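Reading through the structure tokens given below for one structure.
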Amino acid sequence: EMEYSYKFRIYPNPAQIQQIQGTFGCCRFVWNHYLALRREIYERDGKTLNYNACSGDMTQLKKARPWLKEVDSTALQSSLRDLDTAYQNFFRRVKQGQKPGYPRFNRQSYKSKCVGTNIKVLDKAVQLPKLGLVKCHISKEVKGRILSATVSQNPSGKYFVALCCTDVEMDPLPSTGAV
């Protein structure tokens with residue numbers, strides 16, 4: 001049993017593009033907001049704000065910034081988790097005496113967690129949270145159980161989805177009869 005990622009090109013319509021771009025923006029906002037907060041608390045109290053503390057605080061942040069509710073909430077959680085990982089790597093480099101480089105947000109992607117059946121693969125489309133059905137070129141059969149979907153845009157402007165699946169049974173390589 002192993003995890004496997006399938007990457008397909010998607011063709012979002014204008015409304016879906018707007019939603020995707022909005023999600024990129026909200027993920028960046030959450031990243032920068034909690035990076036600044038963690039930095040401030042660390043410099044003031046010498047304490048570090050962990051993922052759970054940030055996640056709890058985000059409930060309040062959404063009340064103050066209602067537009068954050070317009071995007072998939074699991075994408076915002078992913079942004080927090082990525083920040084937490086980046087922060088841990090930052091501190092590890094500090095400890096090892098390397099030039100650390102503060103965590104920066106520099107990507108056009110977001111990850112949605114599969115909850116129930118909110119992510120599905122259909123014939124010529126994928127169903128994604130807050131986007132609905134997105135036209136998709138499905139180049140191979142998706143096997144196993146979907147864990148998450150990462151929506152990304154490459155520098156030339158094309159959109160992609162990467163589906164991370166688990167319980168994918170890999171076929172044994174065919175026997176060639178050679179010893």
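The values are calculated or read from the model by the stated rules, or taken from the named source; none is laboratory data. Keep in mind that this is a model prediction, so the values were computed, not measured. All Cβ positions, even for glycine, are placed from backbone atoms using ideal geometry, and neighbour counts span all protein chains on display.
Annotations
- Failed criterion for R92 (all others in (1) out of contact with any strand residue (DSSP E or B) (no Cβ under 6 Å at 6 or more places or on another chain); (2) at pLDDT 90 or above hold): (2)
- Selection of the range 119-131 for residues being assigned to a strand (DSSP E or B), surrounded by fewer than 18 Cβ atoms within 10 Å (Cβ to Cβ) and within 18 Å of the chain's Cα centre (by Cα) yields K120, Q127.
- Failed item in (1) assigned to a strand (DSSP E or B); (2) without any contact (Cβ under 8 Å) to a residue 60 or more places away in the chain; (3) over 16 Å from S5 (Cβ atoms); (4) not charged (D, E, K, R), with V134 passing the rest: (2)
- Unmet criterion (only one of (1) modelled with pLDDT under 95; (2) surrounded by 16 or more Cβ atoms within 10 Å (Cβ to Cβ); (3) among the charged types (D, E, K, R)) for K143: (2)
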